[in-house]
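J.: Here it is, the structure, as structure tokens.
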Amino acid sequence: MKIFLTYLNNCKIPIALWILFGLINIIIGYLYQVPLERSILWLALCGFIGIAAAGFHFYNYYSSHKELTFHQAQTHVEIEQLPSSANLIESDYQALLEKLNAAFSHLENIKTQNEQEILDYFTMWVHQIKIPISALHLILQDEDNDKVSEEMKEQLFKIEQYVELILQYVRLGSASTDYHFQKVDLDAIVRETIKKYAPIFIRKKLPVHYEGIDQQIITDSKWLSFVLEQILSNALKYTNDGSISIYLEKNAVVVEDTGIGIHPEDIPRVGERNFTGFTGRQHKSASGIGLHLSKQILAKLGHQIKIESEPKKGTKVSIVFDDKQMTTE
């Protein structure tokens, strides 16, 4: 009904002219003493032809509207898929759309090219910076002062993490980033992450409780490993006493610590860009970028992140998987 009323509103000038000419015809017929029945018959004949023509025109109007509505719901539309133009004005509009589409495609190509150049630059920079880092690791192996050596190794490890973080940040925002989904052994990912952070566990004298997980997940192993590393890194950063536990709970892998915790009012905002909260303000090195990237990555992987915490009692971070993504085969 709404479409029909809109159509009538669009055709109000032809309708008004038809009514006007009908009145003129009756007036002229009256002045020339033409029988009224003849004037009414003429109006009825014109009205029948006009309604038939209007019905055909309304059908085309309605069909074009439905087709355009369908294309509006699509993520990508080609100009060739649009309804053919019915008049010169519509042809002009389609020509303008083609011109705008060409300009938009050109800008998209430039944007993609710039993103790829930035990604290539940072990839090269990361590989170059890893060379002096590796050299420093070799130098530290000959360091006589074990305490100083361990401290410097930990700082070098943090530098490596920051370098990797910026690379993943650039990759995540790149249009060329792809995701390779396959069955992944969750136990292997967790063990590799624990092994990577083992020196920090030893240095802080923090025990890690992990008994193994017999579960496979359909995901991207590289990106899931990165997220797990960020969560474990935060747990280590904010835990000085107690322990860290990693386990499977229903359809989620959980990293639980006994650290300083998060204030309740900060939990809903954890993962926002540049948000560190009260806990982050106490630790000047906190940037919040790790969890921000993790939240974005998990959304792209089809997973979720859930955070439960109490100040001075610890934090429980869960990577929640969809039931369809979990398999034991």
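The values are calculated or read from the model by the stated rules, or taken from the named source; none is laboratory data. The structure presented is a predicted model; accordingly, all values stated were derived computationally and were not measured. Ideal geometry is used to build each Cβ from the backbone, glycine not excepted, and the neighbour counts take in all protein chains shown. Only protein heavy atoms, including side chains, enter the accessible area calculation; ligands, DNA and RNA are left aside. Shrake-Rupley method; radii C 1.70, N 1.55, O 1.52, S 1.80 Å.
J.: Mind listing just one residue for me: the one in the range 210-219 that is crowded, with 18+ Cβ neighbours inside 10 Å and touching a Leu at 6+ places or on another chain (Cβ under 6 Å) and, of those, farthest from N251 (Cα to Cα)?
T.: Going through the qualifying residues, I end up with T219.
J.: Which pairs turn up if I take residues in the range 213-230 that are within 18 Å of L165 (Cβ to Cβ) and of a type in the set (G, A, S) and look for partners that are open to solvent by 10 Å² or more (accessible area, probe 1.4 Å) and at pLDDT 90 or above with beta carbon separation below 6 Å, at least 6 apart in sequence or on another chain?
T.: Close Cβ pairs satisfying both conditions: S225/I189.
J.: List the pairs whose first member sits in the range 5-27 and is on the phi < 0 side of the Ramachandran plot, whose second member is open to solvent by less than 90 Å² (accessible area, probe 1.4 Å), and whose Cβ atoms are under 7 Å apart, counting only residues at least 6 apart or on separate chains?
T.: Cβ pairs passing all conditions: Y7/F58; Y7/Y61; W18/G50; G22/L43; N25/S39; N25/L43; I26/S39.
J.: Consider S225 carefully, then state whether it is open to solvent by less than 50 Å² (accessible area, probe 1.4 Å), small (G, A, S) and assigned to a helix (DSSP H, G or I).
T.: Considered against the rule, which asks whether it is open to solvent by less than 50 Å² (accessible area, probe 1.4 Å), small (G, A, S) and assigned to a helix (DSSP H, G or I), S225 comes out as yes.
J.: Let me ask something additional. Before we move on, is E115 surrounded by 13 or more Cβ atoms within 10 Å (Cβ to Cβ), farther than 22 Å from T6 by Cβ and of a type in the set (D, E)?
T.: Considered against the rule, which asks whether it is surrounded by 13 or more Cβ atoms within 10 Å (Cβ to Cβ), farther than 22 Å from T6 by Cβ and of a type in the set (D, E), E115 comes out as yes.
J.: Going through the range 54-103 one residue at a time, which ones are exposed (fewer than 12 other Cβ atoms within 10 Å of the Cβ), closer than 22 Å to P14 by Cβ and acidic (D, E)?
T.: Result: D92, single match.
J.: Another question about this same structure. Looking only at the range 33-51, decide whether some residue is small (G, A, S) and closer than 30 Å to F104 by Cα.
T.: no
J.: If you go through the range 223-236 one residue at a time, do you hit one that is touching an Asp or Glu at 6+ places or on another chain (Cβ under 8 Å) and among the acidic types (D, E)?
T.: No, that holds for no residue.
J.: State which residue is nearest to I15 (Cα to Cα) when the search covers only the range 28-48 and only residues that are open to solvent by 100 Å² or more (accessible area, probe 1.4 Å), of a type in the set (A, V, I, L, M, F, W, C) and out of contact with any helix residue (DSSP H, G or I) (no Cβ under 8 Å at 6 or more places or on another chain).
T.: Among them, the one singled out is F48.
J.: Additional query: Which of the residues belonging to the range 169-206 are at pLDDT 75 or above, outside any helix (DSSP H, G or I) and among the acidic types (D, E)?
T.: D185
J.: Now for a different question. Output the number of the condition that Y247 fails; it satisfies all remaining conditions of (1) within 22 Å of the chain's Cα centre (by Cα); (2) open to solvent by 30 Å² or more (accessible area, probe 1.4 Å); (3) of a type in the set (S, T, Y); (4) modelled with pLDDT of 90 or more.
T.: (1) is the only condition that Y247 fails.
J.: Any idea which of L97, L119, L68 is under 25 Å from the mean Cα position of the chain (by Cα) and touching a residue at least 12 places away in the same chain (Cβ under 8 Å)?
T.: Just a single option satisfies the conditions, and that option is L119.
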